[in-house]
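Q: Okay, handing you the structure first.
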Amino acid sequence: WFDVVAYGLQEGTDLIDYEQVAQLAEEHKPKLIIAGGSAYSRVIDFAKFRAIADSVGAYLMVDMAHFAGLVAGSAHPNPLEHAHVVTTTTHKTLRGPRGGMILTNDEALAKKINSAIFPGLQGGPLMHVIAAKAVAFGEALQPEFKAYAQAVVDNAKLLAEKLIDGGLDIVSGGTDTHVVLVDLRPKALTGKAAEHALGRAFITCNKNAVPNDPQKPFVTSGIRLGTPAATTRGFGREEFAQTAEMILEVLDGLKANGEEGNRAVEEAVKQKVLQLTARFPVYPDTAA
């Protein structure tokens, strides 16, 4: 159905190559340009994307699924100021139930989208999920949510800094969002091995490809970390500094011992994780 053309990143900076986006748009004359990503940790220049879209008569769609909560909390630019259409999930940084939204300021587009979804694609709304979304949106309107969103970004920046200090590379050199994309090649590790080792220590992450990754997609040379869940539990700068230290302990044990890792180190880190999370239970007055 679709003829898809991908744009890339600038060599050396790992930032979106807007010149390439413009060149590809001029060459291919797309009907739709999409901005957004699941592992891009920098603020996207939505105004520049809109200018490129307008130059070739294309719609601009932004996928803000990962950073919608930061937008709601005023910790990230709002793509609706520039995009024709914005899509998002209602979970992730927005902290609601699983679901999605399609947003637009264009009434004519809204009518077309509504007609395509119902009766074209789906019906029978789940009222309990709608109620949960209302609760999440209500939380996002509170002053406390702005503090949460800013803390998510601040904690991610600190986490990235500490991991760099520990000898790792962070793609693009840092982060402007909740995402920290770690390049493990300085320690000669794979994302697959790191994911498993950290998981054994009760630290959750996922293996993730990095730019120009020499490894296969199911192996990868990186891991992706995020700060929203721990920030929601109450972690601050001190706790994220401890988290970075624990991640480095596990990865250094992995480097020294091969893919099986250092089980003694992993067990020791797991106990530290349990002690730390016990101070910040998921629900008040319960164990972690």
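Q: Here's a check for you: in region 179-195, which residue that is more than 19 Å from Met246 (Cβ to Cβ) and part of a loop (DSSP other than H, G, I, E, B) is farthest from the chain's Cα centre (by Cα)?
A: Restricting to residues being more than 19 Å from Met246 (Cβ to Cβ) and part of a loop (DSSP other than H, G, I, E, B), the top hit is Ala188.
Q: Please enumerate the residues belonging to region 195-216 that are farther than 29 Å from Tyr7 by Cα and not hydroxyl-bearing (Ser, Thr, Tyr).
A: Answer for region 195-216, where residues must be farther than 29 Å from Tyr7 by Cα and not hydroxyl-bearing (Ser, Thr, Tyr): His196, Ala197, Leu198, Gly199, Arg200, Ala201, Phe202, Ile203.
Q: If I filter region 211-222 for residues that are touching a residue at least 12 places away in the same chain (Cβ under 8 Å) and outside any loop (DSSP other than H, G, I, E, B), do I get at least one hit?
A: yes
Per-residue answers, yes or no, for (1) more than 18 Å from Lys157 (Cα to Cα); (2) touching a strand residue (DSSP E or B) at 6+ places or on another chain (Cβ under 7 Å); (3) not charged (D, E, K, R):
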| position | (1), (2), (3) |
| --- | --- |
| Gly174 | no, no, yes |
| Val182 | no, yes, yes |
| Lys192 | yes, yes, no |
| Ile203 | yes, no, yes |
| Val210 | yes, yes, yes |
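Q: Ok, one more. Which condition breaks for Asn78 when tested against (1) touching a residue at least 24 places away in the same chain (Cβ under 8 Å); (2) surrounded by 14 or more Cβ atoms within 10 Å (Cβ to Cβ); (3) under 23 Å from Asp176 (Cα atoms)?
A: (1)
Q: Something else: Out of the helices (runs of 4 or more DSSP H) lying entirely within region 1-113, which hold 3 or more residues that are modelled with pLDDT of 95 or more, in contact with a Ser or Thr (Cβ under 7 Å, 6 or more places away or on another chain) and assigned by the TED database to the domain that holds His178?
A: none
Q: Among the numbered conditions (1) free of Cβ contacts under 8 Å to residues at least 40 places away in the same chain; (2) over 29 Å from Glu11 (Cα atoms); (3) in a helix (DSSP H, G or I); (4) of a type outside the set (Phe, Trp, Tyr), tell me where Ile164 comes up short.
A: (2)
Q: I'm told Ser221 meets every condition in (1) among the polar types (S, T, N, Q); (2) in contact with a strand residue (DSSP E or B) (Cβ under 8 Å, 6 or more places away or on another chain); (3) surrounded by fewer than 23 Cβ atoms within 10 Å (Cβ to Cβ) except one. Can you identify the failing condition by its number?
A: Among (1) among the polar types (S, T, N, Q); (2) in contact with a strand residue (DSSP E or B) (Cβ under 8 Å, 6 or more places away or on another chain); (3) surrounded by fewer than 23 Cβ atoms within 10 Å (Cβ to Cβ), Ser221 violates only (3).
Q: With the condition kept exactly as written, say whether any residue in region 245-254 is out of contact with any Asp or Glu (no Cβ under 7 Å at 6 or more places or on another chain), in the same structural domain as Arg185 (by the TED database), within 25 Å of Leu94 (Cβ to Cβ) and at pLDDT 95 or above.
A: Within region 245-254 (the criterion being out of contact with any Asp or Glu (no Cβ under 7 Å at 6 or more places or on another chain), in the same structural domain as Arg185 (by the TED database), within 25 Å of Leu94 (Cβ to Cβ) and at pLDDT 95 or above), the answer is no, since none of the residues qualifies.
Q: Could we say that Ala151 is over 21 Å from Ile223 (Cα atoms) and surrounded by 19 or more Cβ atoms within 10 Å (Cβ to Cβ) here?
A: Answer is yes for this residue.
Yes or no, residue by residue, for (1) touching a helix residue (DSSP H, G or I) at 6+ places or on another chain (Cβ under 8 Å); (2) buried (at least 18 other Cβ atoms within 10 Å of the Cβ); (3) touching a residue at least 60 places away in the same chain (Cβ under 8 Å):
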position: Leu159; (1), (2), (3): yes, yes, yes
position: Ser172; (1), (2), (3): no, yes, yes
position: Val179; (1), (2), (3): yes, yes, yes
position: Asp183; (1), (2), (3): yes, yes, no
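The values are calculated or read from the model by the stated rules, or taken from the named source; none is laboratory data. Owing to the predicted nature of the structure, the values given are computational and were not obtained by experimental measurement. For neighbour counting, all protein chains shown are included, and Cβ atoms are generated from backbone atoms with ideal geometry for every residue, glycine included.
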